[in-house]
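The values are calculated or read from the model by the stated rules, or taken from the named source; none is laboratory data. The model shown is predicted, which means the values in this text are computed figures rather than measured ones. With ideal geometry, Cβ positions are generated from the backbone for all residues, glycine too; neighbour counts draw on all protein chains shown. Just the protein is used for accessible areas: all its heavy atoms, side chains included, with ligands, DNA and RNA removed. Shrake-Rupley method; radii C 1.70, N 1.55, O 1.52, S 1.80 Å.
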Amino acid sequence: MRKLLAVVTTTMLTTAAAAEVPAVVTDIPVVQSLVAQVLGDLGTPAVIVGSGSDPHDFQLRPSQARSLATAGVVVWIGPEMTPWLSAAIETSGTAAPVALLDVPGTQVRTYGAEDHADESVGHDAHDHTEGGRDPHAWLDPGNARVWVLAIAEALAAQDTDHAATYRANAERAAQDIAALDAALSEKVKGLTQGIATAHDAYGYLAAHYGLPILASLSEGDAAAPGAARMTGIRGLLDSGKVACIFPEAGHDPKAFVTLTEGTSAKIGTPLDPEGIAIAPGAGLYAELMTSLIDSIADCAR
């Protein structure tokens, strides 16, 4: 009888402990990856925009709205990345939304023409006017390290029983990101060949690793390039300043074939700055960053 009571008591305590772990909802796969590293074995964060979906053009399903309403913690980049999510978070009543761009210590870049080496091509806006905040801040690993620590504190505030675990997981994740960063820095050391990208998502990556990104093809994630922009980029290609031009995962690369015809510029492997083509999970962040740097280094050497 005592053994039976012990088993029942242990089961009840385990269930209670599991119930204390807050349900976490994230906006995009890269954020889900960072949260998953902090949660560890305690749970799996949900992600609204799954693999293969475009975060800039997404329709929230009723089931996802319900998951927001019952979430203990919501972690997202902010309205600059998924503006359609703002109202849903506001009406959900969730007690602890975490907008990562607003986390103290985050290095935030703003859009402006000075970011491009060739001013004739200009700077693309991520569906925002010049001076708006660039939301692709995870492409600076320093920000990712800041964020995992902030995520741990948000979880600890909702679940004090597991606070030490969240913080230990976050410290480990921050160390792993630092080691990844050091390895990636070695891969692009001395890289001087100019490159061009599909759209302006790589300012953080370029600034952190010293990448010579000279131009981007379109004026935003979903915008088609205008004639003047195409002419400007073709001029860069004809001049030999751009060694590689990179399409983006999930988008038609046809324009790149036309642009590079008759030039020495190579078309690189499509880049995936948001991880839409990578299986979600804790390992996504490292895979995303490694893929970007490997693609750029392999083509631009």
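Residues that are in contact with a strand residue (DSSP E or B) (Cβ under 7 Å, 6 or more places away or on another chain), polar (S, T, N, Q) and either open to solvent by 10 Å² or more (accessible area, probe 1.4 Å) or not in a helix (DSSP H, G or I) (or both): does segment 171-191 have at least one? I'd like the intermediate steps shown before the answer.
Let us first name the residues in segment 171-191 that are in contact with a strand residue (DSSP E or B) (Cβ under 7 Å, 6 or more places away or on another chain), namely none.
Scanning segment 171-191, I find no residue that is in contact with a strand residue (DSSP E or B) (Cβ under 7 Å, 6 or more places away or on another chain), polar (S, T, N, Q) and either open to solvent by 10 Å² or more (accessible area, probe 1.4 Å) or not in a helix (DSSP H, G or I) (or both), so the answer is no.
Identify, please: which residue in segment 259-279 is in a loop (DSSP other than H, G, I, E, B) and among the β-branched types (Val, Ile, Thr) and is, among those, least open to solvent (accessible area, probe 1.4 Å)? I'd like the intermediate steps shown before the answer.
So in segment 259-279, the residues in a loop (DSSP other than H, G, I, E, B) come out as 261-265, 268-270, 272-279.
Checking the rest, the ones that are also among the β-branched types (Val, Ile, Thr) come to 263, 269, 276, 278.
Numbers: Thr263: 31, Thr269: 82, Ile276: 31, Ile278: 14 Å².
Per the stated criteria, the residue is Ile278.
Return yes when Gly122 is modelled with pLDDT under 95 and more than 23 Å from Ile293 (Cα to Cα) and no when it is not. Write out each step before concluding.
Working: modelled with pLDDT under 95: yes; more than 23 Å from Ile293 (Cα to Cα): yes.
For Gly122, the condition - modelled with pLDDT under 95 and more than 23 Å from Ile293 (Cα to Cα) - is met.
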Please go through segment 280-292 and give me each residue that is under 10 Å from Ser33 (Cα atoms) and open to solvent by 10 Å² or more (accessible area, probe 1.4 Å), ordered by number. Pro280, Gly281, Ala282, Gly283, Ala286
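Would you mind stating whether Ala196 is assigned to a strand (DSSP E or B), surrounded by 15 or more Cβ atoms within 10 Å (Cβ to Cβ) and within 20 Å of the chain's Cα centre (by Cα)?
Details: assigned to a strand (DSSP E or B): yes; surrounded by 15 or more Cβ atoms within 10 Å (Cβ to Cβ): yes; within 20 Å of the chain's Cα centre (by Cα): yes.
In short, yes.
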Return a yes/no flag: does segment 44-61 have any residue that is more than 17 Å from the chain's Cα centre (by Cα) and modelled with pLDDT of 95 or more. yes
Could you check, for segment 294-301, whether at least one of its residues is closer than 18 Å to Leu211 by Cβ, out of contact with any His (no Cβ under 6 Å at 6 or more places or on another chain) and at pLDDT below 90? yes
